[in-house]
Structures are given as C-alpha cells and as structure tokens.
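Beneath this line is the structure, given in structure tokens, with notes to follow.
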Amino acid sequence: MVQWNILLIIFLVIFAVNVVFRWLLTYINVRHLRLYGHNVPEVFKGEIDEATLSKMSDYTADTSRFGSIEHFFDDIVTLVILLSGFLPLLVSIILFYKLNFILSGLIFFGVLALLSSVLDIPFNLYSTFVIEKRYGFSTMTVRLWITDFLKSLIVSAVLMGILLGAMLALIQYAEHSWWFWVWIFFSLFQLLMIWLYPVLIAPLFNKFEPVRDGALKEDIISLMAKVGLKAKGVFQVDAGKRSKHTNAYFTGLGKTKRIVLFDTLLNSHSADEILSVLAHEAGHWKKKHIMKQLVFTEIASLAVFYIIYLLLGWPLLYETFGFNENLPYVGLLLIAALLGPIAFFLAPLGAILMRKFEREADDYCLNLLGTVKPMINALKRLAKDNLANLHPHPFYAWFYYSHPPLAERIARLWQMEDKKAS
Ligand SMILES: [Zn+2]
C-alpha cells in the first residue's frame with residue numbers, strides 16, 4: 001500500500017498547487033473575457049459585428065469550461081491510479097508471467113496508455129460532435145472518427161514501443177551511462193520522425209497534393225522563386241473533411257520540408273491573403289525555426305534524462321507508492337508523475353520562444369511583400385473564421401500562447417508598416 005511519508009506529502013502538495021494554478025489561469029482568462037469581451041479591439045473596429053463577437057466569447061467560454069472538466073477528470077484518474085494500489089496490482093500480474101524485463105515494461109506502459117486512450121473517448125466525442133458541431137466547425141463523421149482513433153492508436157503504439165523498448169534496453173545494459181545513450185537515441189529518433197512525419201505519418205490521416213487553383217499556383221511559384229525555396233514544397237491538405245477550422249503550417253526536414261495550406265483556408269481567403277500566409281510560413285522555413293526548436297528541446301531533454309537517472313534508483317520512490325522492489329519501468333512512470341506537475345511551470349519558456357519565431361516570420365513576410373495589409377487581412381479573417389479569443393488575459397496568453405494574441409500581433413504589424421513608411 002501507499003506509504004504516508006514526506007515524499008508523498010511533497011508530491012500531493014506539488015500536484016495540488018499545479019491543479020489550483022491551472023484552474024486559476026482558466027478562471028482569470030474567462031473572467032477577463034466576461035469583463036472586456038463586448039469591446040471590439042481597436043484593430044478590429046468596424047470589421048466585427050456584435051453577433052460574431054458574442055459568438056467568439058461563447059466559443060472560448062464553452063471550450064474553456066469543457067477543458068477544465070476534462071482536466072479535473074484526468075487529475076482524479078491520475079490520483080486513483082497512483083494511490084489506490086492499482087499499480088502494484090498491475091505489476092504483480094505482469095510479474096506472475098515471468099516475462100523478460102523489456103517486455104514486462106512495454107506491457108506495463110501499454111496497459112496504462114490503452115486505459116488513458118479509452119477514458120479519453122467520451123471527451124473527444126463530446127468535443128468533436130457537440131461543441132465543435134454547435135459552432136459549425138465539425139464536419140467529422142462517425143466512420144472517420146473511428147478510423148482516426150484506430151490509426152492513432154496503432155501509430156502511437158508503434159512509436160511508443162520503439163522508444164520505450166530502446167530506453168528499457170539501454171537502462172538494462174548501461175546501468176550508469178544509459179541517460180546519455182537514451183538521449184542520443186531519442187534525439188536521432190526525433191530527427192528521423194521530423195523528417196518522416198510529412199511523408200509517412202501525416203498521409204495516413206490526410207491527402208496532400210499540389211495546390212489545385214491554377215492562377216494561385218502561378219503566384220505561389222513566383223513567390224517561392226523570389227525567396228529561393230522550391231515551389232514543389234507547397235501543398236494543400238483536405239483538412240475540411242474533419243473541421244472547418246482554417247490553418248497553415250510548416251513542417252519537415254531536409255528534402256521533406258514543406259508548407260501545408262488547409263483547403264479550408266484556400267477556400268475562404270483571397271489570393272493575396274493566401275500569399276501572405278505563405279510568405280509568413282516561408283519565413284519559418286528560411287529562419288530554420290524547426291531546427292532551432294529542436295536544439296532547444298534536445299538541451300532540455302538531456303537535463304531531464306539525467307534527472308531521471310538520478311531518481312531512478314531511489315528506494316523511497318518505490319516504497320512510497322507501494323512497491324517493495326525497484327522496477328525501472330515503474331520508476332519511469334512515478335518520476336513522470338512527480339516531475340510532470342513541476343515541468344508544467346516551465347511551459348512559458350517554450351511559448352516565449354515560439355512567439356519570438358512568430359514575430360520573426362511576420363517580419364519576414366513584411367520584408368518580402370513590402371506591405372502588411374494582406375497579412376493583417378488574413379489574420380482578421382483567421383480570427384473570425386476560427387472564433388479566436390480576442391481578449392485573452394495577458395498572463396494566460398504569456399503562459400500558454402504559441403502565437404502572440406491576434407490584436408497584439410495586428411497592432412504590431414501596423415506599427416512596423418508605419419515605421420517603414422516614415
Ligand atoms: Zn507562424
């Protein structure tokens with residue numbers, strides 16, 4: 001059984017602080033929206049009517065409330081799994097079969113991952129078929145939802161199997177230096193996945209093809225030629241089969257680098273707006289943002305693996321959660337449960353870096369096109385089409401947002417245009 005000791009109390013305190021902090025962040029964000037949501041931000045004046053504005057507020061409030069309920073449920077499940085004696089029971093069943101160490105570890109994590117996927121089903125269904133339908137976004141069919149679910153289950157089982165299998169093998173064979181070798185293996189694997197994702201995994205879920213619109217195609221070719229990137233690297237994707245949300249992104253590595261435009265974006269935006277989005281994504285490409293992000297992640301993960309190594313042999317960790325032997329795969333889970341709530345507070349570091357990249361890509365777009373107007377129009381349309389929250393609480397946005405809040409981003413673009421003109 002679980003032992004009431006100082007480690008358990010520290011764990012529970014950190015866990016509780018994390019839960020309360022997350023809840024408070026959502027609370028101040030929704031409250032901020034209630035207080036200011038009816039004001040049209042300066043940069044949107046004359047372009048957003050009251051009906052759209054209130055729909056935007058409702059959507060943010062609904063998704064926030066739902067997110068809080070889902071988090072609350074997840075937290076309860078985590079506590080039950082850690083404290084109820086479920087884990088020691090699961091381990092004793094696995095040990096009964098006397099399988100080898102790596103296979104035992106894979107089954108241990110496999111059972112937990114499957115349980116978590118199954119428990120997530122009702123939330124996923126409600127979000128897709130109730131909330132997203134209510135706001136006219138979801139175009140998902142039950143059939144597509146089921147095939148998506150099964151495909152993601154298989155893909156994550158394969159990827160997790162490879163990563164965990166290698167990690168457990170290295171822990172077994174390199175007792176004191178595994179953290180370094182695991183880091184090397186994970187880094188190489190991540191590099192491989194970034195390279196393969198656009199050509200191997202993404203096509204399992206969507207169809208990617210060259211942009212169909214003939215006139216636009218010419219413009220794309222000349223824009224890409226201007227910046228010295230290959231036009232073959234621009235794709236459209238059939239995102240509309242799941243949702244009417246609009247987006248574009250840059251992905252891949254080496255020969256698989258590509259800019260992907262949602263078909264929904266191509267349908268709702270004018271040609272010059274689409275080209276400005278493309279110019280922004282080309283900015284991410286030219287400024288090597290994927291590579292820079294990878295370096296950031298690798299430095300952080302080396303530190304994480306070393307910390308895991310230090311904690312993994314600590315007997316108190318196992319005793320506290322009801323185990324009488326040090327099983328490294330159990331240790332990995334317990335350490336994740338311990339460090340996860342702490343690591344959450346480092347999330348803004350990544351978000352700050354992402355927002356810096358977004359501003360750099362916006363700058364690139366301005367320099368390339370010589371004007372910010374199409375970009376601003378594109379951002380305004382994105383805001384309206386996706387019912388973006390125009391009034392995030394500044395601290396909430398600072399903590400979570402991977403893009404600067406839209407009103408701030410547009411105001412910044414206007415300022416840059418003014419500076420250029422003067
Ligand atoms: Zn961007």
Using 30 Å as the Cα-Cα cut-off, could you pick out the over-long pairs in 151/286; 55/217; 45/356; 151/384? 151/286; 55/217; 151/384
Just grab the label-to-label distance for residue 10 and residue 373, each label 7 Å out from Cα along the Cβ direction, in nm (one decimal). 6.1
Considering only DSSP beta bridges whose two residues both sit in the chain, what percent are antiparallel, to the nearest 5? 65
Cα gyration tensor category, rounded, prolate or oblate, for the chain with a/c compared to 1.5: prolate
Using unit Cβ charges (K, R positive; D, E negative) and no other charged atoms, how large, in debye to the nearest 20, is the dipole of the range 244-342 about its Cα centre? 500
With +1 on the Cβ of every Lys and Arg and -1 on the Cβ of every Asp and Glu, and nothing else charged, how large is the dipole of the chain about its Cα centre, in debye rounded to the nearest 20? 840
FRET efficiency, residue 54 to residue 336 (Cβ-Cβ, R0 56 Å, nearest 0.05): 0.85
Once you mark the trypsin sites (Lys or Arg not before Pro) that are in a DSSP loop and have at most 15 other Cβ atoms within 10 Å, what is the longest gap between them in the chain? 289-422
Residue 133-residue 100 FRET efficiency (beta carbon distance; Förster radius 56 Å; 0.05 resolution): 0.75
Taking the dipole of the chain about the Cα centre (Lys, Arg +1; Asp, Glu -1; charges at Cβ), the one of 335, 171, 194 that reaches farthest to the positive side is 194
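Express in nm, to one decimal, how much length is gained between residue 3 and residue 120 on full extension, taking 0.36 nm for each residue of separation and deducting their alpha carbon distance.
On the way: separation 117, 0.36 × 117 = 42.12 nm, distance 2.95 nm.
Result: 39.2 nm gained on full extension.
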Dipole check, the chain, charges on Cβ (K,R +1; D,E -1), about Cα centroid: among 227, 1, 406 the Cα furthest to the positive pole belongs to 227
Projected label distance in nm at residue 201 and residue 352, using a 7 Å step from Cα toward the beta-carbon: 2.8
Charges on Cβ only, +1 for Lys and Arg, -1 for Asp and Glu, centred on the Cα centroid of the range 53-160; of 68, 125, 85, which one is farthest towards the dipole's positive end? 125
Evaluate the charge dipole of the range 285-422 about its Cα centre and quote only its size in Debye, nearest 20, assuming +1 on the Cβ of each Lys and Arg and -1 on the Cβ of each Asp and Glu. 860
Once R0 is set to 25 Å, what does the formula 1/(1 + (r/R0)^6) return for the Cβ-Cβ distance between residue 151 and residue 83, expressed as a FRET efficiency to the nearest 0.05? 0.15
How many nm is it between the label spots at residue 159 and residue 314, if each spot is 7 Å from the Cα in line with the beta carbon? 2.9
Output the 0 to 90 degree angle, nearest 10, between the alpha-carbon long axis of helix 214-227 and the longest principal axis computed from the alpha carbons of the chain. 70
When the label point is put 7 Å from the Cα of residue 271 along its Cα-to-beta-carbon vector, which residues of the range 212-241 have a backbone N closer than 13 Å? 213-223
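Every read-out reported here was derived from the displayed coordinates using simple, explicitly stated rules and does not represent laboratory data. Everything quoted here is computed from the prediction, not taken from an experiment. Cβ sites come from the backbone with ideal geometry, for glycine too, and all protein chains shown count toward neighbours.
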